[in-house]
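Worksheet: the structure to be examined is printed underneath.
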Amino acid sequence: MNIKSKIVCISTTAILTLTLTGYSFAAGTFTDLSNVVEKEKIIVLQEKGYINGIGKGLFSPKSILTAAEGIQLIVNVLDLNIDNVRFIKAPKATDYFPKANNEAWYSNALIIASVKGLNIPPDTDPKKAWTREEFTYYLVTAMETHRNMPMIKISPANISDGDKITSSFEGVIQRALVYGIAKLDDKGRFNPKAKMTRAEAAEQIYNVLEYFKAHPVQVEDKVIE
């Protein structure tokens, strides 16, 4: 898509309002985080406005992460927006993701994800459950696209179930381990095909913020053509 061909006088700030996660904001601490390992990280993210719950004070940490939720989290943590992009007509999520619902809470995030060049397939179903390797891959590639990341030399980690990782995802997952975004379990497994939970996704988002804090760099706003 050539973004330049769409630039006219309609400001996206007048037609788009970015929601945080599509769920209602829960005042106070979530009430369903007892015995959740990622509890403290989830609370920090809530306080900073990166995540919301599902209503009634619940975060639902063990629920499976959907593609829509994952995309919204990535857009949030990277502070992506299209405020400076002007369109001939108001963009719709289905312009970029045919399986999307233009009235759904996630529609703005999908538009932003596509316009900002996140490497998410157009045939993605927003309701689809994302696996651990999918979320990690899209999160880290987006991070590398929109930050001036330092050059790193990787000594590949010995992932005991590495043969189960989609081949095109392998390099990104190795870098995710080096960045400290992802981690292996106590048996050295990444569990790439396991469904990502909301709590696990929140932990990776927290880890991204910690990485940015430790490696402050200038955000790069790349031109998409």
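The rows are residues; the columns are (1) part of a helix (DSSP H, G or I); (2) among the aliphatic types (A, V, I, L, M).
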{"residue": "Gly117", "(1), (2)": "no, no"}
{"residue": "Glu134", "(1), (2)": "yes, no"}
{"residue": "Ile159", "(1), (2)": "no, yes"}
{"residue": "Val178", "(1), (2)": "yes, yes"}
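Could you check Ala182 against (1) free of Cβ contacts under 8 Å to residues at least 40 places away in the same chain; (2) farther than 21 Å from Gly49 by Cα and say which number it fails?
In the conditions (1) free of Cβ contacts under 8 Å to residues at least 40 places away in the same chain; (2) farther than 21 Å from Gly49 by Cα, Ala182 misses (1) alone.
Would you check if there is a residue in segment 63-70 being out of contact with any helix residue (DSSP H, G or I) (no Cβ under 6 Å at 6 or more places or on another chain), surrounded by fewer than 21 Cβ atoms within 10 Å (Cβ to Cβ) and either part of a helix (DSSP H, G or I) or modelled with pLDDT under 90 (or both)?
Checking segment 63-70: not a single residue is out of contact with any helix residue (DSSP H, G or I) (no Cβ under 6 Å at 6 or more places or on another chain), surrounded by fewer than 21 Cβ atoms within 10 Å (Cβ to Cβ) and either part of a helix (DSSP H, G or I) or modelled with pLDDT under 90 (or both).
If you take the residues of segment 130-169 that are among the aliphatic types (A, V, I, L, M) and open to solvent by less than 30 Å² (accessible area, probe 1.4 Å), which of them is farthest from Gly70 (Cα to Cα)?
For segment 130-169, the residue satisfying everything is Ile159.
For residues in segment 28-43 being under 19 Å from Gly70 (Cβ atoms) and assigned to a helix (DSSP H, G or I), which is least open to solvent (accessible area, probe 1.4 Å)?
The residue in question is Ile42.
So if I check each of Asn81, Asn52, which one is polar (S, T, N, Q) and open to solvent by 20 Å² or more (accessible area, probe 1.4 Å)?
Answer to the check: Asn81.
Ile205: buried (at least 19 other Cβ atoms within 10 Å of the Cβ) and either polar (S, T, N, Q) or within 16 Å of Ser155 (Cα to Cα) (or both), yes or no? Step through it out loud before you land on a result.
Numbers: buried (at least 19 other Cβ atoms within 10 Å of the Cβ): yes; either polar (S, T, N, Q) or within 16 Å of Ser155 (Cα to Cα) (or both): no.
Spelling it out, it is not the case that Ile205 is buried (at least 19 other Cβ atoms within 10 Å of the Cβ) and either polar (S, T, N, Q) or within 16 Å of Ser155 (Cα to Cα) (or both).
Taking the options Asp83, Asp125, name whichever one is in contact with a helix residue (DSSP H, G or I) (Cβ under 7 Å, 6 or more places away or on another chain), among the charged types (D, E, K, R), part of a loop (DSSP other than H, G, I, E, B) and under 30 Å from Lys183 (Cβ atoms).
Just one listed residue meets the conditions, Asp125.
What are the residue pairs meeting all of these: first residue in segment 111-131, first residue closer than 24 Å to Ser63 by Cα, second residue among the basic types (Lys, Arg), Cβ atoms under 8 Å, and 6 or more apart or on different chains?
Close Cβ pairs satisfying both conditions: Asp123/Lys99; Thr124/Lys99; Asp125/Lys99; Pro126/Lys99; Ala129/Lys195; Trp130/Lys195; Thr131/Lys193; Thr131/Lys195.
The values are calculated or read from the model by the stated rules, or taken from the named source; none is laboratory data. Predicted, not measured: the structure shown is a model, and the values here were computed from it. Note that we place each Cβ from the backbone using ideal geometry, even for glycine, and neighbour counts take in every protein chain shown. The area values use the complete protein model at the heavy-atom level, side chains included, leaving out ligands, DNA and RNA. Shrake-Rupley method; radii C 1.70, N 1.55, O 1.52, S 1.80 Å.
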